[in-house]
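A.B. asks: Right, I'll just put the structure down here and ask away after.
The values are calculated or read from the model by the stated rules, or taken from the named source; none is laboratory data. All values derive from a computational prediction rather than experimental measurement. Reconstructed Cβ throughout: ideal geometry from the backbone, glycine too, with neighbour counts over all protein chains shown. Areas reflect the complete protein model, heavy atoms only, side chains present, ligands, DNA and RNA absent. Shrake-Rupley method; radii C 1.70, N 1.55, O 1.52, S 1.80 Å.
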Amino acid sequence: MAELQEVQITEEKPLLPGQTPEAAKTHSVETPYGSVTFTVYGTPKPTRPAILTYHDVGLNYKSCFQPLFQFGDMQEIIQNFVRVHVDAPGMEEGAPVFPLGYQYPSLDQLADMIPCVLQYLNFSTIIGVGVGAGAYILSRYALTGLTSSIPEMILGHLFSQEELSGNSELIQKYRNIITHAPNLDNIELYWNSYNNRRDLNFERGGDITLKCPVMLVVGDQAPHEDAVVECNSKLDPTQTSFLKMADSGGQPQLTQPGKLTEAFKYFLQGMGYMASSCMTRLSRSRTASLTSAASIDGNRSRSRTLSQSSESGTLSSGPPGHTMEVSC
C-alpha cells in the first residue's frame, strides 16, 4: 500500500468572471487629539450599520484583520456591509515617526476619536470588531453611549428619550440646527470638554457649596433629572429654590417658557427685586403646588406651601429663602 501522507489544503474562492478586487478608499480626519486614518471598503447600506474594526498593539488594520476579511466564507458578510478599518495614529502604512516628546493619545482619547470618523462618513451606527487594545478602545467607546453621530449625541443630552421618540417640530428644528451647524467641529470640542468635566463636590454644610441664592430647574422628563435632584440635596436649603416642571423635558426654557418666566419672577422677588410684578400664569394654575424638598437623609426640616385661593385667585407664600420644589 502506498504510504498515506497528510496534506494541508487551504480553501480559496477565486473571483468570479468579471469580478475585480474591491476598491478601498483611505481617509484622514482631524480630531481634538490629532489626525486619524481609516480605510473604507464597500458602499454604505442605508438600513444597515457599518462594520468598524480597531487593531491591537504592534499591528495595523491589514496585519490584524486582512486574513479574516479575505477568508472565503466572510465574503457573504462583507458584501452586505460597508467596512471601516481604523488605524491608530502613527500605525498606518508609511506613517512618519512622531517627533521627540510627542504625547501619544490615551486609549480613552483614541475612543473619543471614533465619533469624528463617523461624523466624517455620516454613519450613525456601527458594529465594532476589536482585538486586544482595539477591543478596549471600542468598549470604552460603547460605554459612553456613542452609538450615533455627534448631533444625535448632543440631542440626547438636550432632550429626553420621550421627546426624541416623539420627533416633534421642536426636535426636528434643533436636529437640523445642530446637524448643519457650520461650526460643528467647534461644537464637538465643547462637547468633549463637557464630557471631561470634574465633579463640583458640593456638600451641604461643608466648605464647598454655593452661598448665593440658587434656582435649580429641571423638567420631570429631563434626561438628567436625577443629577439635578442630587445637586439640590447638596445645596444650602435656605438659599436654594428647586423647580421640577411637569410635562417638560430637557429644555424647559423652550417647551415651557411661560411657567419658567413666572418661576423666575418669584426667584427675583425672593432676592428683593420686582416686588410689584404681576404673577398671572401660576396664579391661574390649579395644579401649582410648592413644598420643601427633602434633605439628604429624607427628613424635611422646613415646610412651605404655595396654595391657590379659590376666592381671590391669588397665590400666597411664606418668606423667601427656603428650599422649595414646584410642580406646575
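A.B. asks: If I filter region 232-244 for residues that are under 27 Å from the mean Cα position of the chain (by Cα), open to solvent by less than 30 Å² (accessible area, probe 1.4 Å) and among the aliphatic types (A, V, I, L, M), do I get at least one hit? Step through it out loud before you land on a result.
C.D. replies: Quick first cut of region 232-244, residues under 27 Å from the mean Cα position of the chain (by Cα) only: 232-235, 242-244.
Add one more test, that the residue is open to solvent by less than 30 Å² (accessible area, probe 1.4 Å), and what stays is 232-233, 235, 242-243.
Then keep just the ones that are among the aliphatic types (A, V, I, L, M); that gives 235, 243.
Within region 232-244, one or more residues are under 27 Å from the mean Cα position of the chain (by Cα), open to solvent by less than 30 Å² (accessible area, probe 1.4 Å) and among the aliphatic types (A, V, I, L, M).
A.B. asks: Of these, Arg175, Arg204, which one is in contact (Cβ under 8 Å) with a residue 40 or more places away in the chain and basic (Lys, Arg)?
C.D. replies: Arg204
A.B. asks: I'm told Gln221 meets every condition in (1) open to solvent by 60 Å² or more (accessible area, probe 1.4 Å); (2) modelled with pLDDT under 85; (3) touching a helix residue (DSSP H, G or I) at 6+ places or on another chain (Cβ under 9 Å) except one. Can you identify the failing condition by its number?
C.D. replies: (2)
A.B. asks: Same structure again: Does any residue of region 254-264 turn out to be more than 30 Å from Ile171 (Cβ to Cβ), of a type outside the set (Lys, Arg) and open to solvent by less than 50 Å² (accessible area, probe 1.4 Å)? First the steps, then the outcome.
C.D. replies: Taking region 254-264 first, the residues more than 30 Å from Ile171 (Cβ to Cβ) are none.
No, region 254-264 contains no residue that is more than 30 Å from Ile171 (Cβ to Cβ), of a type outside the set (Lys, Arg) and open to solvent by less than 50 Å² (accessible area, probe 1.4 Å).
A.B. asks: Scan region 64-85 for residues that are open to solvent by 70 Å² or more (accessible area, probe 1.4 Å) and either at pLDDT 90 or above or more than 20 Å from His27 (Cα to Cα) (or both) and jot them down.
C.D. replies: Pro67, Leu68, Gln70, Phe71, Asp73, Glu76, Ile77, Gln79
A.B. asks: When only residues in region 185-202 that are among the hydrophobic types (A, V, I, L, M, F, W, C) and under 17 Å from Tyr33 (Cβ atoms) count, which is surrounded by the fewest Cβ atoms within 10 Å (Cβ to Cβ)?
C.D. replies: By that ranking, first place goes to Leu189.
A.B. asks: Could you list, ordered by first residue, the pairs with Cβ atoms under 6 Å in which the first is in region 242-253 and without any contact (Cβ under 8 Å) to a residue 60 or more places away in the chain and the second is open to solvent by less than 30 Å² (accessible area, probe 1.4 Å) and of a type in the set (Gly, Ala, Ser), at least 6 apart or interchain?
C.D. replies: Filtered contacts from region 242-253: Ser248/Gly219; Pro252/Gly219.
A.B. asks: Further question: Residues that are under 19 Å from Val36 (Cα atoms) and aromatic (Phe, Trp, Tyr): does region 114-134 have at least one?
C.D. replies: Yes: one or more hits.
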